[in-house]
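Worksheet: the structure to be examined is printed underneath.
The values are calculated or read from the model by the stated rules, or taken from the named source; none is laboratory data. None of these values were measured; they are calculated from a predicted model. As a convention, Cβ positions derive from the backbone with ideal geometry for all residues, glycine included, and neighbour counts pool all protein chains shown. When the accessible area is computed, the model is the full protein with side chains, heavy atoms only, and any ligands, DNA or RNA have been set aside. Shrake-Rupley method; radii C 1.70, N 1.55, O 1.52, S 1.80 Å.
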There are 2 protein chains.
Amino acid sequence: MHLSPVWNEGGEGRVKIDVHTHILPKRVPRFAERFGYGGFIEVQHKAGCNARMVYDDGRFFREVGDNCWDPKRRVEECDAQGVATQVLSTVPVMFNYWAKGRDTLEVARFLNDHLAGVVAQHPKRFLGLATVPLQDAELATLELQRVVKDLKLSGVQIGTHFNGRSLDDASLFPFYAEAERLGAALFVHPWEMLGKERMDRYWLPWLIGMPTETALAIAHFIFGGVFEKFPKLRVAFAHGGGSFASVYGRMEHGFSARPDLVATQNPVNPKKYLGHFFVDSIVHAPDLLRHCLKVFGADKILLGSDYPFPLGELRPGEMIQSMSDLSEVEKTGMLAGNARVWLGLP
Amino acid sequence: MHLSPVWNEGGEGRVKIDVHTHILPKRVPRFAERFGYGGFIEVQHKAGCNARMVYDDGRFFREVGDNCWDPKRRVEECDAQGVATQVLSTVPVMFNYWAKGRDTLEVARFLNDHLAGVVAQHPKRFLGLATVPLQDAELATLELQRVVKDLKLSGVQIGTHFNGRSLDDASLFPFYAEAERLGAALFVHPWEMLGKERMDRYWLPWLIGMPTETALAIAHFIFGGVFEKFPKLRVAFAHGGGSFASVYGRMEHGFSARPDLVATQNPVNPKKYLGHFFVDSIVHAPDLLRHCLKVFGADKILLGSDYPFPLGELRPGEMIQSMSDLSEVEKTGMLAGNARVWLGLP
């Protein structure tokens, strides 16, 4: 059993909050039968502790273990890894933004109710981020209100786009306004990655497509004026902000060189927003995390692991804890304190 | 007139070689008439020193100034900027990989002959990288041989893909083998950016699409085994390697976590190739260049400017020269010495 040094220390430093973990209900209704059309994910349990996530037309999506749905297993693994609290969110394939808004809302309510139940069972170990039907901002806003007020969840996880529309789409502004008003945290996670026809090998939609999605989402928040319009909205982006940390110089220079093309919605230089938003720590290389610290600020990095998936950090926080050049203040902030700020915890 | 300190110093340090500059002939034949089908770029000169690059169906591509075609203007600007030598390559829209191979070859020969003529006129100020019909590797290899042996050019610039096929396409292996045998430098430049339907605003195909293209190209060189098969091939990637510097951790972790998906063509851990290939310095942020130094190695960064285009570094080398934390050895290497190694100069 791996007991981290930080877990064993007293005071603030012993706490790790993992903001990026995914969960599924063990049983998922067959929504295709219910709604009369397909495209939804089903969970087929196998002998032992594994299950297959499959599309309702039979296409395989992913194999998952029982730590994807069993809170007890999760708590055990958290204990072994020194994680005090996991922030739970659904698996992005469950966003279902492509479906009819009312149907996506029904799926979302099912997932959010389940998630809130897990949080209520283990209120010291789990917090939750809901999912909403982003393709219908009115329904999304209603569900946002319900999950924050009634279910006491911490906020919402959204995808990097919905049906090809970007996160600067004006239809979303009332939703953002309400999230800001409620103090709900927003977590932006890549999904339905662009350019798949160019990424048919080497797991590239996950290795390059996802980081690109996230950089695009940040660009839309910046250039589309979302940060500017909703300055108190607390937003975090997955996977260290994806490839944004490599392109922010180009974005700023492009803004200055060709404002006629770039500054069409927001006249503010993008560098204003560096230090304004959060990213998680899932970058898999100490030098890259150091770079993220410079770009985003030490107070804007949140421990994330992508638990329970293999592309995540298998021992959450180990990389941060291993970096001897980081100060204790930076480490405790990244491991838990920054997450408290982002989530609006006392 | 901006005279850089390095330009005024004696010895090695005074030299700047700018490896990333684009050039066009002043007059371009109307290839659509010649070949009987359209899609090619024409150059329409206006009053004064400007011209419009337009597709032969009339669609506007880009406005350019006379420093795009006039060697005398380029030498003047190089003098003003302390650039000893520009490495010339065509504007990527001229790759024309979508056309018939024989026709692309004819366009390439026209562009390469022009480029070689400019180099011959000013042999101390210009070096050249040719273009080849990548969609027909046999013709590409013949043209590669001609430009190196007969035209004395330094190598070839290629796009990040051809007609949706990647740079690990087996059809290209004989071409890479010949480039390696001839000691020709290879420069990989993004073009025809993926995911345009998701980047309809804010110049995003240039700001995010291009860096993604370049990261994809590096991924194909790594996972497709191109570096492994042709270890002496000297390859440089544009724009600081694009977003690769943000995703290499994810690529390496993905390789380790799911070799069944990632290591299908090459069983070697991708970190082996860090320090093996070159990137140019066009990243527009000192912190990002520092990060590139750690990822790629100080001896693998090449001064590039994207001259004469506004998305480039307008005063070539100024950022490198301004960074007081870099050693003189690192600076002189990035400004010229590393380019000599990449280009195979004595």
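Here are some notes:
- The distance between label points at residue B:232 and residue A:200 comes to 3.4 nm (points 7 Å beyond Cα on the Cα→Cβ vector).
- Per residue of peptide B:280-286, the mean number of Cβ atoms on other chains within 10 Å of the residue Cβ is 5.
- Additional length obtainable on full extension of the chain from residue A:142 to residue A:120, 0.36 nm per residue less Cα span: 5.8 nm
- Residue-wise HN-Hα coupling along segment B:88-100, computed from phi with Karplus coefficients 6.51, -1.76, 1.60 (Hz; x: Gly, Pro): 8, 8, 6, 7, x, 4, 7, 4, 6, 5, 6, 7, 5
- By a 1.4 Å probe calculation restricted to protein chains, residue B:246 has an accessible surface near 10 Å², given to the nearest 10.
- Cross-link pairs B:232/B:272; B:100/B:149; B:72/B:124; B:271/B:300; B:294/B:331 - those with Cα-Cα distance over 22 Å: B:100/B:149
- Total formal charge among the other residues, if their Cβ is under 13 angstrom from that of residue B:108, Lys/Arg +1 and Asp/Glu -1: -1
- Cα gyration tensor shape for segment B:172-308, rounded if a/c is under 1.5, else prolate or oblate: rounded
- Computed extension length for residue B:63-residue B:79: 3.4 nm, one decimal, from 0.36 nm per residue of separation with the Cα-Cα distance subtracted.
- Charge tally for residue A:37 (other residues, Cβ to Cβ under 9 Å; Lys, Arg +1; Asp, Glu -1): 0.
- Taking every alpha-carbon pair under 8 Å whose residues sit at least 6 apart, chain B reaches a relative contact order of 16 percent.
- For segment A:1-146, taking the reciprocal of the average inverse distance between every pair of different Cα atoms yields a Kirkwood hydrodynamic radius of 16.5 Å.
- Placing unit charges on the Cβ atoms only, positive for Lys and Arg and negative for Asp and Glu, gives segment B:131-245 a dipole magnitude near 300 debye about its Cα centre.
- Rounded accessible area per residue of segment B:26-68, 1.4 Å, Å²: 56
- Counting only the Cα atoms, segment B:12-92 fills a convex hull of 99 Å³ per residue.
- A helix-only calculation puts chain A at -10500 deg cm²/dmol for mean residue ellipticity at 222 nm, using -39500 (n - 2.57) for each DSSP H run of at least four residues, averaged over all residues.
- Pairwise alpha-carbon distances in the protein assembly as shown exceed 39 Å for 35% of all pairs.
- Gyration tensor (alpha-carbon) shape descriptor, chain B, a/c threshold 1.5: rounded
- Other residues within the sphere of radius under 11 Å centred on the Cβ of residue A:292, judged by their own Cβ, net out at 0 (K and R +1, D and E -1).
- A cut-off of 5 Å between modelled amide H atoms, ignoring neighbours fewer than 5 places along the same chain, links residue B:266 with no other residue.
- Accessible area, probe 1.4 Å, largest first, for residues B:34, B:59, A:146: B:34, B:59, A:146
- Interface residues of segment A:234-269, defined as those with an accessible-area decrease of at least 50 Å² between the chain by itself and the complete set of protein chains (probe 1.4 Å), are A:246, A:250, A:253, A:261.
- Here's how it looks for residue B:278: its modeled amide H is under 5 Å from those of B:235, B:236, B:237, which are all 5 or more places away or on a different chain.
- Nearest-0.05 FRET efficiency for residue B:150 and residue B:70, computed from C-beta distance (R0 22 Å): 0.30
- Derived scalar couplings ³J(HN,Hα) [segment A:226-236; Karplus, 6.51 cos²θ - 1.76 cosθ + 1.60; whole Hz; x for Gly, Pro]: 5, 4, 5, 6, 10, x, 9, 5, 9, 10, 10
- Coordinate range along principal axes, alpha carbons of segment B:26-68, Å, largest first: 32, 18, 15
- Here the contact order of segment B:26-68, divided by its residue count and restricted to Cα pairs under 8 Å and six or more residues apart, works out to 28 percent.
- Within chain B, percent of DSSP bridges classed antiparallel, to nearest 5: 35
- Each residue of segment A:165-171 is assigned a 3J(HN,Hα), and the resulting list reads 8, 8, 6, 9, 5, 4, 4 Hz, derived from the Karplus form 6.51 cos²θ - 1.76 cosθ + 1.60 (θ = phi - 60°), x at Gly and Pro.
- Rounded to the nearest 20 debye, the dipole size of chain A about its Cα centre is 260 debye, using +1 on the Cβ of Lys and Arg and -1 on the Cβ of Asp and Glu.
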